[in-house]
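The values are calculated or read from the model by the stated rules, or taken from the named source; none is laboratory data. Keep in mind that what you see is a predicted model, and the values were worked out from it rather than measured. Neighbour counts run over all protein chains shown; Cβ positions are idealised from the backbone, glycine included. These accessible areas exclude ligands, DNA and RNA; they are computed on the full protein's heavy atoms, side chains included. Shrake-Rupley method; radii C 1.70, N 1.55, O 1.52, S 1.80 Å.
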Amino acid sequence: MATVSASVYTSHVPAIGVAIDHAKTDEPYWQPLFAGYRPSQEWIAESTPDAIVLVFNDHATSFSLDMIPTFAIGTAPDYAVADEGWGPRPVPPVVGHPELAAHIAHSVIQQDFDLTIVNRMDVDHGLTVPLSLLFGQPAAWPCPVIPFAVNVVQYPVPSGQRCLDLGKAIRVAIESYDEPLDVQIWGTGGMSHQLQGPRAGLINSEFDARFLDDLVTRPAELATMPHIDYIREAGSEGIELVMWLIARGAMADLDGGPPPTVKHRFYHVPASNTAVGHLVLEA
Ligand code: DHB
Ligand code: FE
């Protein structure tokens, strides 16, 4: 059977992708940020999974106000890198895992979570920047990736509780897949940031530190935090953090198992307008 070996959490600021693609990672502004991901790059080189379920949000790239799926799973063999206005990032296309994705869709829908099935989708910075942060600039991504898109752009967005419960259902799905695959689940976006309106530029490091603490040790309590607290405390785009609860929900301790091990924790302010947070939890 397949197993969930680890969960990874990271921000997805598009300017990080630009810095990588334009060889700016050693510049003084960027150097501390990329130094903070080096331990995770070393870790994942030793712990490359057979597949990643990558929970991310589309930023009105493949979806739009025409259609707003709350939860959407990619079941395609591959995904093109999106053109977000300056041409697609020069990164490899994303190879999917249609068999595992179809199994997760089947299992999770049977567990009463209604997923949208996506057979064609260009993936934006929400998915490619986390891959670049962990894997650098390979000629091909080292494993298949199942894109799992969450609507955090247009209200109503799913609650933290529903995200945690969905993570538990994804774990059940993975553990019932009849092949001994090592699967990681990633939760991306956040941390505190607001890109618009009078509070544009908001960063709340105290909130972010508490969120990281609680995500590790008190995920069930953290899941009860209402949306309004994300907006007040972490800014309008801080709501992206609910996606981290999907990845956290898939760890064994929420299913009566042992707590995960913190392999790495990193926090850096700012990258562009955003507080960058990163966590690696191993089962
Ligand atoms: C920024 C952060 C995001 O999460 C995003 O989707 C776009 C821009 C930023 O800080 O610039
Ligand atoms: Fe974003």
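Residue-wise HN-Hα couplings along the stretch 228-240, as the Karplus relation 6.51 cos²θ - 1.76 cosθ + 1.60 with θ = phi - 60° gives them from phi, are 4, 6, 4, 5, 4, 8, 10, x, 4, 8, x, 4, 3 Hz; Gly and Pro carry x.
Scattering from the stretch 195-283 was approximated by placing one identical point on each alpha carbon and applying the Debye formula without solvent; log10 I(q)/I(0) at 0.23 1/Å stands at -1.21. Accessible surface of the stretch 4-113, 1.4 Å probe: 56 percent of it comes from carbon and sulfur atoms. Taking every protein chain into account, the accessible area of the stretch 149-250 amounts to 37 square angstrom per residue (probe 1.4 Å).
At 1.4 Å probe size, with every protein chain present, just tell me what the per residue accessible area of the stretch 1-91 comes to in Å². Per-residue accessible area for the stretch 1-91 comes out at 46 Å².
Across all directions, the average flat footprint of the convex hull enclosing the Cα atoms of the stretch 1-104 is 8.4 nm². When you work out D = kT/(6 pi eta Rh) for the stretch 66-129 at 20 °C and 1.002 mPa s, using the Kirkwood radius from C-alpha pairs as Rh and the Stokes-Einstein form, the result is 167 µm²/s. In plain terms, the bigger the Kirkwood radius, the slower the diffusion; for the chain, with that radius from Cα pairs, at 25 °C and 0.890 mPa s, Stokes-Einstein puts D at 133 µm²/s.
Of the trypsin sites (Lys or Arg not before Pro) in the stretch 169-233, the ones in a loop by DSSP (not H, G, I, E or B) with at most 14 other beta carbons within 10 Å are Arg199.
For the Cα trace of the stretch 105-178, dividing Rg by the Kirkwood Rh returns an Rg/Rh value of 0.99.
Rounded to the nearest 0.05, the FRET efficiency derived from the C-beta distance between Tyr155 and Tyr29 at R0 = 45 Å is 0.85. Which value at 222 nm does the chain reach when only helices count, each DSSP H run of 4 or more adding -39,500 (n - 2.57), with the total divided by all residues and rounded to the nearest 500 deg cm²/dmol? So the calculated ellipticity at 222 nm is -10500 deg cm²/dmol. Once the Cα-Cα distance is subtracted from the 0.36 nm per residue extended length, the Arg218 to Asp178 segment shows a gain of 11.3 nm. 3J(HN,Hα) along the stretch 108-123: 5, 5, 5, 8, 6, 9, 7, 9, 8, 8, 10, 9, 8, 6, 7, 9 Hz, from the Karplus curve 6.51 cos²θ - 1.76 cosθ + 1.60 with θ = phi - 60°, whole Hz, x for Gly and Pro.
Couplings 3J(HN,Hα) of the stretch 86-93, computed from phi: 10, x, x, 4, x, 10, x, x Hz, in residue order, whole Hz [Karplus 6.51 cos²θ - 1.76 cosθ + 1.60, θ = phi - 60°; x for Gly and Pro]. Above 23 Å lies some portion of the pair distances; for the stretch 100-243, what is it as a whole percent of all C-alpha pairs? For the stretch 100-243, the fraction of Cα-Cα distances above 23 Å is 44 percent.
Applying a DSSP loop filter and a limit of 15 other Cβ atoms within 10 Å to the chymotrypsin sites (Phe, Trp or Tyr not before Pro) in the stretch 1-105 leaves Tyr29, Trp86.
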